[in-house]
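The values are calculated or read from the model by the stated rules, or taken from the named source; none is laboratory data. Since the structure is predicted, the reported quantities are computational estimates derived from the model, not experimental observations. Counting neighbours? That spans all protein chains shown, and the Cβs are built from the backbone with ideal geometry, glycine included.
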Amino acid sequence: MKDINITSLIVCPSCKKMLSIVPPIICTKCGIKYPNDQNIPMLFLENNWKNNKIDVTTDVKQFYEKTPFPDYEDIDSISSLVKKAERGIFYTTFYLRLELLNLDIMKGVYS
């Protein structure tokens, strides 16, 4: 498997420049701060559309909260979905390397 530099994969959604991934996650160019929810970087941008364009995100979210997909509970549980995710390529190439990077940061390797 090809060695991947994790920091080159994580870029600012706004300006596409490198992010400082030591919490808090901050863009090294434009300074936007991104939250971290349970070790998951939330790299989302606010919609800055002009007034003539309607953002339907809230409407769609409310619809699916009120009307969830039927019978998903019978197909997969949270634990089965987690197990499937842990077998996926994203987990093995990204998450495990990010954990190693976090350990190095905690040890002071990048001080």
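Residues that are part of a loop (DSSP other than H, G, I, E, B) and modelled with pLDDT under 75 were ranked within segment 60-86; the one that is surrounded by the most Cβ atoms within 10 Å (Cβ to Cβ) is P68.
Residues in segment 18-59 that are of a type in the set (G, A, S) and assigned to a loop (DSSP other than H, G, I, E, B): G31 alone. Residue pairs whose Cβ atoms lie under 7 Å apart, sitting 6 or more positions apart in sequence or on different chains, and linking a residue in segment 19-44 that is closer than 17 Å to Y95 by Cα and touching a residue at least 12 places away in the same chain (Cβ under 8 Å) to a partner that is polar (S, T, N, Q) and part of a strand (DSSP E or B), are P23/N36; I25/N36.
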